[in-house]
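For reference, the structure discussed in these notes is given below.
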Amino acid sequence: MRRFFFSSFVIVTFILYVLHQKTEGVEEGIAIAPRTTPGPLPTIPDIGNPPATLSLSLTTPKVSSGYHDGTYTGDVADAFYGNIQVQTTIAVGKIADVKFLQYPNDRRTSIFINTQAMPILKTEAIQSQNANVDIVTGATQTSEAFIQSLKSALDKTK
Amino acid sequence: MKQTRLLMGMPITVEIVDNSARVGDFDMVYDYFSYVDNVFSPYKPESEISRIRDGKLSPSLSGQDIDLILRLAQETKNLTGGYFDIYRNGRLDPSGIVKGWTINNAANLLKKNGFSDFYVDAGGDIQVSGKNSHGQNWRVGIRHPQKKNQIVKVLSLTNEGVATSGTYERGNHIYNPKIQCPLISDVISLTVIGPNVYEADRFATAAFAMGKKGIGFIEKSPGLEGYMIDKDGIATITTGFSRYTVPS
């Protein structure tokens, strides 16, 4: 029974999202095939890039069965509401993601870059190394360093 | 055979391992760099780019390469949320994309002429191909940002491009186009490895302007790996970067 409500909630949320977008005057249409049979919740796809971070304000849908109040309010509802919001956002984000791929724009990417959580990456203290290398990559140098490097590069070509 | 010539305001080194390389092959590469310099140098008042910048030439009347670069710059700007921008304080300077694009084109000229083992290095942005004269992957050192004759990392590359954006002693030469009085001080060097030096250069330029978030952008971009050095001498490394590093 709960799965049915979840599925209905997802469907209604999708519909609300489409209506929300239409009222915002967004040009891209979004084709959605809502689930009509109860089934497992959509799995969270990997958005990867490009970005489509969307925040949706979801209102509790009115389902005319009389069960929805008990199930969707309170702790359980909060937890699941949060999960569904995330899932829905991502699921809708995937659809929007497809659209984004076709119509990237500067502003959305900027918002994405600025709101993305930094991934946790390995760090290390840099260490000078004695190594023979063929080529060196580095930022553009000052004029003195440039002359030095040019001289040494020219020396090596002899 | 290896040559270094000074063009576009920097030393440009070309090494071709293939025994069949002749001086004419080097001339071909350097002639191409000269051509690009004449079109795109912001330091030559009569270059096409300078005349467009100074309002003496309409972009719509400019040549194919200007047109292409302007479109590539716009695409890069879109992909990077505006952090890549060839208009700085309203002044047109596409150097952050022209350099990598030119090196990549020069490398493709060599490939079209049948060469498979070479590199083209313009001011520390490099396209490699094949193997060095010892039959091994090209060993590319990342320069220490402050001690110019030392290296901090050794890379083993065979078909990639690598570009480093950073500051030099007298100040910052890449600005965050999003803020008025911009000085990027958190990050002093960002090295990006990409499938070719055009990709590496444009995204190194953009990611450097993002400050410390830039390395996160590189991490999330497929096909790019990065090594960021901050002002405290701490490097941050993308997940796949170690596939290119060599213990020295």
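When chain B is modelled as a GNM with alpha-carbon springs shorter than 10 Å, which of B:79, B:110, B:155 fluctuates the most? Ranking B:79, B:110, B:155 by mean-square fluctuation puts B:79 first. For segment B:19-127, trypsin sites (Lys or Arg not before Pro) are listed when DSSP marks them as loop and at most 12 other Cβ atoms sit within 10 Å of their Cβ; the list is B:22, B:56.
Dividing the summed helix terms, -39500 (n - 2.57) for each DSSP H run of n ≥ 4, by the number of residues in chain B produces a 222 nm estimate of -10000 deg cm²/dmol to the nearest 500.
Prolate is the label for segment B:63-141, because the ratio a/c of its alpha-carbon gyration tensor axes (a ≥ b ≥ c) is 1.5 or higher and a/b is greater than b/c. Were the residues from residue B:31 through residue B:156 laid out at 0.36 nm apart, the gain over their Cα-Cα distance would be 42.1 nm. In a fully extended conformation the segment linking residue B:87 and residue B:134 would gain 12.5 nm over its present Cα-Cα distance, using 0.36 nm per residue. Placing +1 on the Cβ of every Lys and Arg and -1 on the Cβ of every Asp and Glu, with no other charges, gives chain B a dipole of roughly 480 debye about its Cα centre. In sequence order, segment B:60-75 has phi-based couplings of 5, 9, 8, x, 4, 6, 4, 4, 5, 4, 5, 6, 5, 5, 5, 4 Hz under the Karplus curve 6.51 cos²θ - 1.76 cosθ + 1.60, θ = phi - 60°, and Gly or Pro positions carry x. Stretching the chain fully between residue B:22 and residue B:109 yields a gain of 29.9 nm (0.36 nm per residue, less the alpha carbon separation). In this label model, residue A:127 and residue B:212 are separated by 2.4 nm, measuring between points 7 Å along each Cα→Cβ vector. Legend: residue pairs B:77/B:147; B:147/B:212; A:122/B:131; B:2/B:99; B:77/B:131; A:122/B:212, Cα-Cα distance threshold 24 Å; pairs beyond threshold, B:77/B:147; A:122/B:131; B:77/B:131.
Compute the FRET efficiency between residue A:115 and residue B:61 as 1/(1 + (r/R0)^6), taking r as their Cβ-Cβ distance and R0 = 56 Å, and round to the nearest 0.05.
0.85
Loop-located chymotrypsin sites (Phe, Trp or Tyr not before Pro) in segment B:1-68 (DSSP state not H, G, I, E or B) with no more than 14 neighbouring Cβ atoms inside 10 Å: B:43.
Computed from the coordinates by the stated procedures, all read-outs in this text should not be read as laboratory data. Note that the structure is predicted; figures quoted are calculated from it, not measured. Here Cβ is always computed from backbone atoms with ideal geometry, including for glycine, and neighbour counts include all displayed protein chains.
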